[in-house]
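Worksheet: the structure to be examined is printed underneath.
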Amino acid sequence: EKGTYPHYMLKEMDEQPGVVRKIIQEYSNNAGELTIDEAILSALRNADRIYIIAAGTSYHAGLVGKQYFEKLAGIPVEVHISSEFGYNMPLLSEKPLFIFISQSGETADSRQVLVKVKELGYPALTITNVAGSTLSREADYTLLLHAGPEIAVASTKAYVAQLAVLAIAAYVTGKSKGNIINFDLKTELAFAANAIQTIVDSKEELHIISNEYLNHTRNAFFIGRNIDYYVSLEGALKLKEISYIQAEGFAGGELKHGTIALIENGTPVFALVTQEPVALNIRGNVKEVVARGANACVISMEGLNEDEDRLVIPKVHALLTPLVAVVPLQFISYYAALDRGCDVDKPRNLAKSVTVE
Ligand code: F6R
């Protein structure tokens, strides 16, 4: 039940720090170390390539998951949109492992791929919020999100949970392979939970930002580089699905190859700056859009921040910034939708689980 909350979405965004803490707990063994089921660990270790299959927000989590598995576990990963993959399969490696990411576990586009994968005899792991869901039952293995029911159509806490579980699976796999990993994920996830709390507590400021940038606009852009680019895609999806503002996420460097033509006086551009190696590059892209009249809202991470940035998020491990950076974008979208009188929890034309192909 949503209790005193006006919307499930607001409640579910507020729950995010608790969800990350719950996941840390659920995936810790008696010795207090992060762990995953032995059979799943060995499936991950045996794979020469991981194919992540998902739709929508879960696909965006998969893009970040690729970074985790490649950087921590040393396993190459491809990420595919489920509705495309099933009818246009790429060449597969010799020992593929398929990972289906699905909050509901009922998405027909993803299930259609799982059925084909099982016909081909390949192993499949489902990462889902719903134990006993179709994708969970039909896959060989399941990792649960432990996010609690997500009722709002716009996925928020499930995305953050997906990122946390993907990070844990990749980290545990990497550790078990003896890979050099010079940080403690458990500690870093706990820091991330605190950082999310800080953002949740600053929601009034996020409402003001939403008003400043989105009040009268028809469109909006979200830009980032590297892992921030994937969060930009998710920020744009949140905004369009609930506020109906046309929004697109772009890789900062790609704008000049066409999209920058759309920048006019006052066009809102949200730019994420959480990745040190590309911080100067994305700031260069911000200058390019500002020179063409954009109303730029720079959201940077502590340590990389500059005076003129509109919002500074607490510092967290470079791989975990998506868990935190997405949160202000969720709130900004929520308030934009609210102020436009949209039905936040049940946006037009959308269903919570998409059970048709
Ligand atoms: C976005 C959203 C959708 C879902 C997509 C996949 O907020 O809710 O894009 O992410 O339909 O759904 P699941 O994860 O249930 O497979």
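A few comments on the model shown:
- Within region 306-328, the set of residues being in a helix (DSSP H, G or I) and of a type in the set (A, V, I, L, M) comprises Ala318, Leu319, Leu320, Leu323, Val324, Ala325, Val326, Val327.
- Residue satisfying condition, being more than 15 Å from the ligand (Cβ to nearest atom) and either on the phi > 0 side of the Ramachandran plot or outside any helix (DSSP H, G or I) (or both), within set Gly174, Gly178, Gly148: Gly178
- Residues being at negative phi, buried (at least 24 other Cβ atoms within 10 Å of the Cβ) and in contact with a helix residue (DSSP H, G or I) (Cβ under 9 Å, 6 or more places away or on another chain) are represented in region 250-260 by at least one member.
- Every condition in (1) more than 14 Å from the ligand (Cβ to nearest atom); (2) surrounded by fewer than 18 Cβ atoms within 10 Å (Cβ to Cβ); (3) assigned to a helix (DSSP H, G or I); (4) in contact (Cβ under 8 Å) with a residue 12 or more places away in the chain is met by Glu70 except one, and the failing one is (4).
- Condition met for Thr57 (more than 27 Å from Glu119 (Cβ to Cβ) and either buried (at least 18 other Cβ atoms within 10 Å of the Cβ) or among the β-branched types (Val, Ile, Thr) (or both)): yes
- Only one entry in Glu12, Glu38, Glu33 is farther than 18 Å from Thr187 by Cβ and in contact (Cβ under 8 Å) with a residue 60 or more places away in the chain, namely Glu12.
- Of the helices (runs of 4 or more DSSP H) entirely within region 189-305, those holding at least 3 residues that are away from the ligand (no atom under 16 Å from the Cβ) and closer than 18 Å to Pro322 by Cα occupy 227-243.
- Selected residue (criterion: farthest from the ligand (Cβ to nearest atom)) from residues of region 73-92 that are polar (S, T, N, Q) and over 18 Å from Pro123 (Cα atoms): Asn88
- Of all residues in region 16-41, those satisfying the criterion of being in a loop (DSSP other than H, G, I, E, B) and surrounded by 19 or more Cβ atoms within 10 Å (Cβ to Cβ) are Tyr27, Ile36.
- Test: residue in region 174-182 that is modelled with pLDDT of 95 or more and surrounded by 24 or more Cβ atoms within 10 Å (Cβ to Cβ): no
- Among the residues making up region 112-142, those that are in a helix (DSSP H, G or I) and more than 16 Å from Ala161 (Cβ to Cβ) are Gln112, Val113, Leu114, Val115, Lys116, Val117, Lys118, Glu119, Leu120, Thr134, Arg137, Glu138.
- Taken together, the criteria exclude Ala43 from residues that are touching a residue at least 40 places away in the same chain (Cβ under 8 Å), in contact with a helix residue (DSSP H, G or I) (Cβ under 9 Å, 6 or more places away or on another chain) and within 22 Å of Lys116 (Cβ to Cβ).
- In summary, Thr126 fulfils each of the numbered conditions (1) touching a Phe, Trp or Tyr at 6+ places or on another chain (Cβ under 6 Å); (2) more than 11 Å from the ligand (Cβ to nearest atom); (3) over 21 Å from Lys238 (Cβ atoms) with the single exception of condition (2).
- Odd one out for Asn349, checked against (1) farther than 30 Å from Ile181 by Cβ; (2) in contact (Cβ under 8 Å) with a residue 12 or more places away in the chain: (2)
- Taking the conditions (1) in contact (Cβ under 8 Å) with a residue 60 or more places away in the chain; (2) away from the ligand (no atom under 15 Å from the Cβ); (3) surrounded by 21 or more Cβ atoms within 10 Å (Cβ to Cβ) in turn, Asp140 satisfies each one other than (3).
- For region 97-111, filtering for residues that are within 11 Å of the ligand (Cβ to nearest atom) and not in a helix (DSSP H, G or I) leaves 8.
The values are calculated or read from the model by the stated rules, or taken from the named source; none is laboratory data. Computed from a prediction, not measured in an experiment: that's the story for all the values here. Backbone-built Cβ (ideal geometry, glycine too); neighbour counts: all protein chains shown.
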